[in-house]
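Reading through the structure tokens given below for one structure.
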Amino acid sequence: MNTNENTNKNQNKNQNTNPKLVIIVGSVREGRFGPVVASWVAEQAAAHGGFEVEVVDLADYDVPLALPAESPKFAGDAYPRPAGLAPLTAALDSADAFLVVTPEYNHSYPASLKAAIDWHFTQWTAKPVAFVSYGGAAGGRHAVLHLENVFTELHAVTIRDGLAFPMYFTGWQDGAPLDGQSAGYAKTLLDQLSWWADALRTARAAAPYPA
Ligand SMILES: Cc1cc2nc3c(=O)[nH]c(=O)nc-3n(C[C@H](O)[C@H](O)[C@H](O)COP(=O)(O)O)c2cc1C
């Protein structure tokens with residue numbers, strides 16, 4: 001299967017159903033905070049009502065750092081991924097939109113996230129990606145700036161509005177942000193993501209993306 005065929009694998013999905021949103025938990029660190037943020041984000045997405053929501057936790061997968069010789073960009077479905085990655089690849093394939101939940105490690109995003117990204121290519125193409133970040137003073141903004149650059153290379157469309165939680169250790173309690181504004185910002189982000197998810201799903205169905 002060539003790249004274009006693979007890119008448009010889900011083009012025949014029913015356009016009348018809600019687009020599929022895959023929320024990715026990017027950190028796999030022992031004692032990580034990521035699942036707390038992802039769980040709150042998933043609640044916001046469910047309340048939004050515009051998506052079918054699936055949470056993908058990278059800690060559930062053994063994602064090798066050593067990649068095969070060829071590139072997933074050209075290999076398509078023939079790319080030799082370990083069998084254990086199949087559910088992850090299937091989830092990414094099925095997505096109409098992504099929401100990446102990322103911390104900041106040394107002014108960037110975790111290696112776990114980069115490994116998962118690099119094992120795939122067509123799975124990201126012509127799909128929208130939004131970000132929710134957390135960390136120290138910068139709230140993960142360095143991580144998101146780097147991710148925006150990476151996803152542009154993958155022909156994904158990054159969403160301008162994001163949510164950043166600086167000093168989350170004082171700003172969160174009982175699984176939710178203490179401020180009264182974050183849910184509203186999440187709604188705006190999800191509205192934009194929904195718009196792009198619908199638009200790009202329609203576009204992928206209409207014509208192969210010229211990757
Ligand atoms: C290796 C490492 C590097 C970090 N570097 C930064 C950083 O550059 N900026 C920042 O705001 N926080 C930094 N932090 C703090 C993390 O954002 C914070 O520990 C957060 O909880 C990590 O997410 P996690 O718990 O989901 O792994 C760092 C944490 C670790 C473990």
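Restricting attention to the stretch 15-30, does a residue exist that is in a helix (DSSP H, G or I) and modelled with pLDDT of 95 or more?
As a first pass, look at the stretch 15-30 and keep what is in a helix (DSSP H, G or I): none.
For the stretch 15-30, residues in a helix (DSSP H, G or I) and modelled with pLDDT of 95 or more: absent.
If you go through the stretch 179-192 one residue at a time, do you hit one that is out of contact with any Lys or Arg (no Cβ under 9 Å at 6 or more places or on another chain) and within 16 Å of the ligand (Cβ to nearest atom)?
no
If a residue must be closer than 30 Å to Leu200 by Cα and touching a Pro at 6+ places or on another chain (Cβ under 8 Å), how many such residues does the stretch 159-176 contain?
The first filter runs over the stretch 159-176 and keeps only residues closer than 30 Å to Leu200 by Cα, leaving 159-165.
Filter once more, keeping what is touching a Pro at 6+ places or on another chain (Cβ under 8 Å): 159, 165.
Matching residues across the stretch 159-176 total 2.
For (1) at pLDDT 95 or above; (2) within 29 Å of Ala207 (Cβ to Cβ); (3) surrounded by 24 or more Cβ atoms within 10 Å (Cβ to Cβ); (4) out of contact with any Phe, Trp or Tyr (no Cβ under 7 Å at 6 or more places or on another chain), each residue gets a yes or a no:
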| residue | (1), (2), (3), (4) |
| --- | --- |
| Leu99 | yes, yes, yes, yes |
| Leu113 | yes, no, yes, yes |
| Trp124 | yes, yes, no, no |
| Gly140 | yes, no, yes, no |
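Condition first: farther than 24 Å from Tyr168 by Cβ, free of Cβ contacts under 8 Å to residues at least 24 places away in the same chain and away from the ligand (no atom under 15 Å from the Cβ). Can you find one or more residues in the stretch 90-113 that meet it?
So far as the stretch 90-113 goes, yes, one or more of its residues are farther than 24 Å from Tyr168 by Cβ, free of Cβ contacts under 8 Å to residues at least 24 places away in the same chain and away from the ligand (no atom under 15 Å from the Cβ).
Quick one: would you say Ala130 is buried (at least 21 other Cβ atoms within 10 Å of the Cβ) and in contact (Cβ under 8 Å) with a residue 60 or more places away in the chain?
Yes; evaluated as a whole, the condition is true for this residue.
Just a yes or no: is a residue in the stretch 68-77 surrounded by 21 or more Cβ atoms within 10 Å (Cβ to Cβ) and among the aromatic types (Phe, Trp, Tyr)? Walk me through it before giving the result.
Just the residues of the stretch 68-77 that are surrounded by 21 or more Cβ atoms within 10 Å (Cβ to Cβ), to begin with: 72.
So of that shortlist, the ones also among the aromatic types (Phe, Trp, Tyr) come out as none.
Within the stretch 68-77, none of the residues are surrounded by 21 or more Cβ atoms within 10 Å (Cβ to Cβ) and among the aromatic types (Phe, Trp, Tyr).
List every residue pair whose Cβ atoms sit under 8 Å apart, with the two residues 6 or more apart in sequence or on different chains, where the first one lies in the stretch 134-148 and is more than 14 Å from Gly34 (Cα to Cα) and the second, anywhere, is part of a helix (DSSP H, G or I) and more than 6 Å from the ligand (Cβ to nearest atom).
These pairs meet every condition: Leu147/Leu113.
For the stretch 163-211, give me the residue count where each residue is without any contact (Cβ under 8 Å) to a residue 60 or more places away in the chain and among the small types (Gly, Ala, Ser).
Number of matching residues: 8.
Only one of (1) in a loop (DSSP other than H, G, I, E, B); (2) more than 25 Å from Leu190 (Cα to Cα); (3) basic (Lys, Arg) fails for Lys73. Which number is that?
Evaluating Lys73 over (1) in a loop (DSSP other than H, G, I, E, B); (2) more than 25 Å from Leu190 (Cα to Cα); (3) basic (Lys, Arg) leaves (1) as the failure.
The values are calculated or read from the model by the stated rules, or taken from the named source; none is laboratory data. Just so it is clear, the structure is predicted and the values come from calculations on it, not from any experiment. Quick reminder, even Gly has a Cβ in these numbers, built from the backbone with ideal geometry, and neighbours come from all protein chains shown.
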